[in-house]
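What follows is a set of notes on a single structure, which appears directly below.
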Amino acid sequence: MFVVPEDAVYDVIIVGGGPGGSTCAQFLGIKGRKVLLLDKESFPRDKTCGDAISGKSIRILSELGMTERLIKADHGEVNGLLFSSPNGKSIAIPFRRDNRGIETGYVCRRQVYDHLLWNGAKNSAQAMEKMPVIGVVREGGKITGVKVKTPDGTEKELLAKIIVGADGASSLVAREARGAEIDPNHTCVAYRAYYSGVKGMSNALEIHFVKSIMPGYFWIFPADNGLANVGLGMIMSDMKKTGINLQKAMLDIIGQNPLFKERFAAAKQVSPISAWSLPIGSKKRKVHADNVLLVGDAAGLVDPFSGEGVGNAMLSGKLAASVADEALSAGDTSAQFLSRYDERLWKEIWDELSMSYNMQRLGRIEWLLNFVVSKAASSDKAREAIAGTFSNEEAKKGYTSPLFYIKLLMS
């Protein structure tokens, strides 16, 4: 076990060993920086999530030479989408083809995926489990380190030139850097459990716009070894307005909805129903301060429509590593210098997040969802248009344009 050195000063301390933190650690390690990666848990550990691994994640895994590790790990493969509209009509839409055939996606439980990334990070950085960060160290009002509680119960202060907050939606580093902030209009609440024995599973990500939980949605994702990741989500402000009990609503859908009750009749719930909140990227939050960078959920980068956050967490970890390396080389870790992280991050993902936010808002319109699904059920061209919209960032722009619906009408 790695022992914390006395009076250690690191180039970078990363708080949180999830996808964003572990990715950041690997890229910094490749650049030869002295990095300490901390996590309060012990790996492998579960993380409540939908478990979908996007193409963005796969591209970064490839850069790190870790794609084969994912392929060898327990996972489910997906090659399409299955939608149902509030009126109960369903459509199956394959992913678009590339030069190798139909695109393949993955569903990998975070217990598996995060452990894979954590092990990769240990090759590039000093990594310590069961090391909760309980506060920050300040000098002249600026964050210069973190306070940790070691496994034997003692408290220590660790210093670094840059602190990366990768500690999730309730990030301590983010609170210390910019203050507490929970915006119910830009926060999603979700519930999830794993089931075995769900009938009618296929290699498709199932997204169901169920009338009883509008404007939220219900999902069924095929994981490994016959498991299904089952859950639902809703914007916090909508949940408060409607007064919906999401856990009860999830069980009601499984047990009573005509589309699902037979499919779950012989299924077994194999994990507790767990809840979590997602700071969605439908608004730009402050993601840097003097000596501080924020990545992943700590930065609020979850896709507003799909709820997927792993891809943007890994991308932000990569970008944060690049800016941190530049700052260390320049000997300047001021907020002004680190602001280039904000600039690069939002340039990279803001258009995509904005389009997803528009899609989320369109998804609140019941008649429109019924129309889109109904049209796609009877038209190959309509299905192709929707498939492109969900698997291609450029095509996604069309979903928010009136021309998209004109094309659906004409198809």
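Worth a mention:
- Cβ pairs under 7 Å, 6+ apart, first in segment 15-44 and within 18 Å of Val112 (Cβ to Cβ), second among the basic types (Lys, Arg) and modelled with pLDDT under 95: Gly18/Lys47
- Filter result for Ser271 (among the hydroxyl-bearing types (Ser, Thr, Tyr), surrounded by fewer than 22 Cβ atoms within 10 Å (Cβ to Cβ), within 17 Å of Trp219 (Cβ to Cβ) and assigned by TED's automatic domain parsing to the domain that holds Glu63): no
- Pairs with Cβ under 9 Å, 6+ apart, first in segment 340-357 and assigned by TED's automatic domain parsing to the domain that holds Val295, second of a type in the set (Gly, Ala, Ser) and surrounded by fewer than 19 Cβ atoms within 10 Å (Cβ to Cβ): Tyr341/Ser322; Arg344/Ser322
- Looking only at residues of segment 31-61 that are outside any loop (DSSP other than H, G, I, E, B) and modelled with pLDDT under 95, we find that the one that is nearest to Tyr195 (Cα to Cα) is Ala52.
- Val12 touching a Lys or Arg at 6+ places or on another chain (Cβ under 8 Å) and under 19 Å from Lys149 (Cα atoms): yes
- Unique match (being without any contact (Cβ under 8 Å) to a residue 60 or more places away in the chain and under 22 Å from the mean Cα position of the chain (by Cα)) among Arg69, Arg138: Arg69
- Residue in segment 120-137 that is outside the structural domain of Asp290 (by TED's automatic domain parsing), surrounded by fewer than 16 Cβ atoms within 10 Å (Cβ to Cβ) and among the hydrophobic types (A, V, I, L, M, F, W, C) present: no
- The helices (runs of 4 or more DSSP H) located wholly in segment 323-391 that include 3 or more residues which are buried (at least 16 other Cβ atoms within 10 Å of the Cβ), of a type in the set (A, V, I, L, M) and modelled with pLDDT of 85 or more occupy 335-362.
- Answer residue from segment 198-243, given it is outside any strand (DSSP E or B) and in contact with a Cys (Cβ under 8 Å, 6 or more places away or on another chain) and is surrounded by the fewest Cβ atoms within 10 Å (Cβ to Cβ) among those: Asp224
- Across segment 278-290, the qualifying residues are those that are assigned to a loop (DSSP other than H, G, I, E, B), touching a residue at least 60 places away in the same chain (Cβ under 8 Å) and crowded, with 23+ Cβ neighbours inside 10 Å, and the one among them that is farthest from the chain's Cα centre (by Cα) is Ser282.
- Taken over segment 148-184, residues that are free of Cβ contacts under 8 Å to residues at least 60 places away in the same chain, within 14 Å of Met128 (Cα to Cα) and surrounded by 15 or more Cβ atoms within 10 Å (Cβ to Cβ) amount to 1.
The values are calculated or read from the model by the stated rules, or taken from the named source; none is laboratory data. What you see is a predicted model; the values in this text were computed from it and never measured. Methodologically, a virtual Cβ is constructed for each residue, glycine included, from the backbone with ideal geometry; neighbour enumeration extends over all protein chains shown.
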